[in-house]
Amino acid sequence: MGVMDIRPARMQDVREIAVVHVRSWQAAYQGLLPQAYLDGLDPGQRIGQWERALLAAGWSHGGTLVADAGGPLSGFVSYGPARDDDAGSRRAGEIYAIYLVPAAWDQGIGRQLMTAALGRLREAGFDQVTLWVLDTNARARRFYEADGWHADGAAKRDDSFGVPMTEVRYRTSVP
């Protein structure tokens, strides 16, 4: 994949971010979510969501970083203040999303994105970070646990994409 540049997302990245988002879901959630749902995902349906997210990220406490090796984007991470009332600290941040195209899996790119996002959250004054993960996504859970994250006991049902999903919350301290 060449030399990977982890950089802030730009508006011209929106279409590629949407493609990464959808392709990652289609591969990572195969067998975990209904196949008809995954087959029906369309990057074009996610463009508006990412345009709004990037426009809203003009403040200093969050944003989206992309993994760019000079071709199509390999992945992204989106982060900011924790959205949960019970996150445990007014200084809690959250990883909202981290996704890579399947061709970029197992190359250390996810770790680079996560490290960069945690660094940004630390610089913004956050001392702990949470994230939500599909309870049945063993691959993602292993990724987080290998980096020192732990399930904190919180769980929720998410129907926001029209498919019921149960998610568990993970947490880590920011050094």
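Could you work out [θ]222 nm for the chain from helices alone, using -39500 (n - 2.57) per DSSP H run of at least four and dividing by all its residues? Round to the nearest 500 deg cm²/dmol. Write down the numbers at each step before the final one.
Numbers: 5 runs with 54 residues, N = 175.
The helix contribution divided over the chain gives -9500 deg cm²/dmol.
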Taking the Cβ of each residue in ILE17, ILE47 as the centre, tally the other Cβ atoms inside 10 Å and list the residues starting with the fewest. ILE47, ILE17
For ALA154, distant residues with modelled amide H under 5 Å away: ARG169
Cut-off under 5 Å, modelled amide H: who pairs with ALA9 long-range: THR64, LEU65, VAL66
Give, in nm to one decimal, the length gained when the segment between GLN35 and ARG15 is fully stretched (0.36 nm per residue of separation minus the Cα-Cα distance). 4.9 nm
Taking N as the number of residues in segment 5-128, what value does Rg over Cα atoms divided by 2.2 N^0.38 Å take? 1.07
Separation in nanometres of the label points that stand 7 Å from Cα toward Cβ, at ASP5 and ASP42: 3.2
Positive-end extreme of charge dipole, the chain - chosen from LEU65, ALA104, SER24 (charges on Cβ): LEU65
Cα gyration tensor shape of segment 115-172, rounded if a/c is under 1.5, else prolate or oblate by comparing a/b with b/c: prolate
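What fraction of the DSSP beta bridges in segment 66-175 is antiparallel, stated in percent and rounded to the nearest 5? Intermediate values should be presented prior to the final figure.
Numbers: 22 of 26 bridges.
Among the beta bridges of segment 66-175, antiparallel pairing accounts for roughly 85 percent.
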Gain on full stretching of the segment that runs from ARG83 to THR115 - 0.36 nm per residue minus C-alpha separation: 9.5 nm
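Within 10 Å, at most 14 other Cβ atoms, and a DSSP state outside H, G, I, E, B define an exposed site. Report the longest part of the chain free of exposed trypsin sites (Lys or Arg not before Pro).
Answer from the scan: 91-175.
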Roughly what would the spin-label model give for GLU145 and GLN107, points 7 Å off Cα along C-beta, in nm? 2.7
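With a cap of 12 neighbouring Cβ atoms within 10 Å, and only residues DSSP puts in a loop, list the chymotrypsin sites (Phe, Trp or Tyr not before Pro) found in segment 134-163.
Those satisfying the criteria are PHE161.
Give, in nm to one decimal, the length gained when the segment between ASP127 and ASP158 is fully stretched (0.36 nm per residue of separation minus the Cα-Cα distance).
Details: separation 31, 0.36 × 31 = 11.16 nm, distance 2.63 nm.
Net length gain for the segment: 8.5 nm.
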Taking the DSSP beta bridges in segment 5-128 as the whole, what percent of them are antiparallel, to the nearest 5? 90
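No lab work stands behind these numbers, since they all come straight from the coordinates. Since this is a predicted model, take the numbers as computed values, not measurements. So basically every Cβ, Gly included, is an ideal-geometry build from the backbone, and we count neighbours across all protein chains shown.
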